[in-house]
Amino acid sequence: MNPFFLALKREACGNAFLLDLPFSADSFTNLDSILAIQTLNSHMDASGYDPITKRPVPCERCRFHRKRCTLERPHCSRCLRMETLCVYPPPPSSILRPKRKKATVVSDLSQPAKATSSPTPISNSPSPMLPRKESSNNTSGSRSLLNRIIDFADSDTCLQSPEPNEVEHADYMPTQQDFELVVTFFASTDRMVRSSAVHRLISKNDFLAHFFTQPHALRLTICALAAHSNSRLPDHVCVSYYNRARKAVMHCIDRPSVKNLQTLYLIANFAIVHGQPSIGKPFFVSAVMMLISLHMTVDPDFSPWLQHLNLLESEKEERRRIFWQCFYSLKMVQSATAATIPANITAEQMKPPSGDMDSDMLTIQPNCAILELIIDIKKIHAQIPQSVQEILISQQVLNLTSRLISIYNEIPRFLILIPDPSQPVQEQYNLWTSQLMSVGPTDTTGIISLSILHNSSICLLSRPKLYLTHFHPNPNTTGIAVSTFLAALQGSLIAACRISNITRFLLHITNPLADATSTTQPVLPKSFWEAHNYLAHPLFECAVVLWFMACRAGADWIALLADVDAELPVGRGREGRVRLDVTRVYACLDDVLHALCVLDALLGGREQKSNMVTPMVRCVRAMIVEVEEVMEANSSPPLGRKEGSPESVDSVVVGMKVLAIGATETTVDGLEEDPWCFLGLLGLEVGGLRWRAPYEEGWRNLWATAVLNFPSAS
């Protein structure tokens, strides 16, 4: 540091305190802020009392944290111990200053108003993206409870954007430690870190070059994600960055800009990575609304209003990647939750991303196409059929099946994992590993997602027909072509087994249970599961199909399956009849449970808090118990068991508990919502557990009358 600036800094702050801030001859911002402390403190007498009111005036930091201030000048004991700037406010009688208002907490951003049509920045008037403040006397309902959860996380800091001529809040100021943390994060060779949302959205060279002048919210959000990826840092450091970042976001949420859009998306990503999608959803919805407000749903080459900016190709590519990342995440959210998103975007006017940056994004378009298909399947199944006949003959399902085949035919074969039963397991794993390592970090995870999502869409399409084989177990008395049911049975079972095989492969290459003495170097790090926790949704779909085939499907229907396909877990019994190999199905289901437990443990943290995977783990464990009972009986499952009976009084409805980031279940009341998944149990029960969803009761009532309304053979 220049000796001249160092001398001024010591004069302003005292020799006992020296904060390591970046100074340069071209930037006097921090120097002016520090020197301004003397001006502010000059309005107080030496005793720390207001000369007019004669009351002690604590420093800004002690007053905010509601701590007793020792009133020493120029630094109180607490600020000196915390190594932060100590700023005493001027008395109201000597310097008039705008009244400080508490930051507005996002109470519910799931219902924002329509975004403005102009791409220009919004004025200081209230933003249409900000929600109306709820009445303070509304203490019931999910929205009020979610407010209390957010307020709990707000309790330790309350940052304010600095007014003109006001000293910047100490919690906003960048430090050298922050810079080193982010540098380490960007320099990581970990493929999961390099495929993270930060690497896909942020130009690391530009961000690091202007780190100390970056917007507070964006800088703190990236610091939070960098701290989360650093296993050597304790959890409270990561949560502290997140709380400070979220406070800063409150002041940029109504000002559309590319950097603010990146901030909103990344802070939502932080919440989702911690297994609390309901906390991150409001920020994500605001990001989508800001994307529309900035007209970033149109490719920069087709945007004449951007011509005067003379954007570089790298800047255009950055806009494209932001759009595709938001578009992909929007489809993922819509596929996993029944709640509606108040805005929708299409990719019709956007070019695909190129491979100019750190990683390619070859798989993002087919992944988005599969997710859009899953969303449409979910919409159809959310509408309860009027009769069994409507399930058997549905033109909508036929159209979606044709669409699925078309999407699959357009996917290059090197972007999807296809098992080969004729090869030994280890050779198959070696081929898949080479396939994953032959593409960029983003496409490594994209191939895994695409392979699992494609097979889960097959299971989703066939689920209602699959269930009918339980309620009408005799194929000879049905008036519908047997081939319709066999196609659903065989397609669903093969797809579920493929998902299980890929899951077993992922457990092998991530080696999540390896101890510290293990010499095996995993192909992918354990952080893969946490960063891609959305894979829990297709894994749960796989588990439902495997459980149903082992414990609910009629044995006469299984006997009609051909045993020529090596992927089918079937074999012939002593009487020469085709039977389901329950042992193989149990092994597949156990692999799925293993992966879900890994996810649940990672998202739950050291306190093992409830998260979005917890209800899935609970249900799959109950499925495992039922399959074990079938194995012990060594016979076909009992056909007399009735599903969909609304009279069951011992059933437990499984929901998802929502907790604030950094909170534990003992420190804040949890809000229980519908669990996030593609589809629940569609009216069935497993081990006395019912899935919580608005469509479950309708399906349960339909199954209760399925036998009576089933078309008979004539």
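The values are calculated or read from the model by the stated rules, or taken from the named source; none is laboratory data. Worth saying up front: this structure is predicted, and the values here are computed from it rather than measured. Heads up, the Cβs are rebuilt from the backbone with ideal geometry, glycines too, and the neighbour counts pull from every protein chain shown. Ligands, DNA and RNA are excluded from the accessible area calculation, which covers all protein heavy atoms including side chains. Shrake-Rupley method; radii C 1.70, N 1.55, O 1.52, S 1.80 Å.
Descriptive notes on the structure:
- Take the Cα of Asp581, step 7 Å toward its Cβ, do the same at Leu233, and the gap between the two points is 4.8 nm.
- Surface composition of the range 425-504: carbon and sulfur make up 56 percent of the accessible area, probe 1.4 Å.
- Among the listed pairs Lys204/Lys316; Lys204/Lys247; Lys316/Lys351; Lys379/Lys465; Lys331/Lys378, those whose Cα-Cα separation exceeds 22 Å are Lys204/Lys247.
- Length gained when the stretch Arg572-Leu560 is fully extended (0.36 nm per residue, less Cα-Cα span): 3.2 nm
- Solvent-accessible area per residue for the range 221-363 (1.4 angstrom probe, square angstrom): 35 Å²
- Distances between placed amide hydrogens fall under 5 Å for Leu689 paired with Val652, all partners being 5 or more residues away or on another chain.
- Length gained when the stretch Arg81-Ser314 is fully extended (0.36 nm per residue, less Cα-Cα span): 79.4 nm
- Heavy-atom surface analysis with a 1.4 Å probe gives the range 263-422 a carbon and sulfur content of 53 percent of its accessible area.
- In sequence order, calculated HN-Hα J values of the range 249-264 (Karplus, 6.51, -1.76, 1.60; Hz; x Gly/Pro): 4, 4, 9, 10, 5, 10, 10, x, 6, 5, 5, 5, 5, 4, 5, 4
- 3J(HN,Hα) couplings calculated from phi for the range 314-327 with the Karplus curve 6.51 cos²θ - 1.76 cosθ + 1.60 (θ = phi - 60°) are, in sequence order, 5, 6, 5, 5, 4, 5, 5, 5, 4, 4, 5, 5, 5, 5 Hz; Gly and Pro show x.
- Stretching Lys67 away from Gln177 to a fully extended chain increases their span by 37.0 nm, per 0.36 nm per residue minus the current alpha-carbon distance.
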